[in-house]
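Undergrad: Let me give you the structure first, and then I'll get to my questions.
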């Protein structure tokens with residue numbers, strides 16, 4: 001036994017007339033939320049702050065007698081290998097890693113890796 005399926009009457013869509021023209025919707029310009037404007041203003045105040053930046057080639061521990069024996073030409077060996085990246089320290093916190101480059105007669109650092117934001121935030125509590 002087959003069940004009868006009711007027929008759905010077809011509805012003809014109105015034919016588009018050649019005079020039908022699509023109009024662009026006009027919206028007022030977006031304005032920044034007051035909280036965003038306030039946050040941007042506060043950020044502008046911070047942009048002029050100066051923070052100490054240091055580049056750490058490596059670390060080591062020396063006995064006082066070894067420190068007192070240091071002379072011109074002495075070599076201090078670090079725990080890092082020469083091929084390892086140097087640390088970029090901003091305000092006492094590691095922010096990036098890089099490689100030492102020479103630009104004319106000056107040293108510079110090419111940033112190769114930024115520390116993840118989550119790691120930087122964790123280090124703020126230390």
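The values are calculated or read from the model by the stated rules, or taken from the named source; none is laboratory data. This structure is a prediction, so every number in the text was calculated from the model and none was measured. Cβ atoms come from the backbone with ideal geometry, glycine included; neighbour counts cover every protein chain shown.
Undergrad: From 81, 30, which residue is surrounded by fewer than 10 Cβ atoms within 10 Å (Cβ to Cβ), in a loop (DSSP other than H, G, I, E, B) and at pLDDT below 80?
TA: Matching residue, one of 81, 30: 30.
Undergrad: So in segment 93-126, with the set limited to residues that are within 14 Å of residue 54 (Cβ to Cβ) and touching a residue at least 12 places away in the same chain (Cβ under 8 Å), which one is farthest from the chain's Cα centre (by Cα)?
TA: Of everything passing the filter in segment 93-126, 100 is farthest from the chain's Cα centre (by Cα).
Undergrad: Quick check on segment 45-78: of everything there that is surrounded by fewer than 10 Cβ atoms within 10 Å (Cβ to Cβ) and within 17 Å of residue 97 (Cα to Cα), which residue is modelled with the highest pLDDT?
TA: Checking each candidate, the answer is 52.
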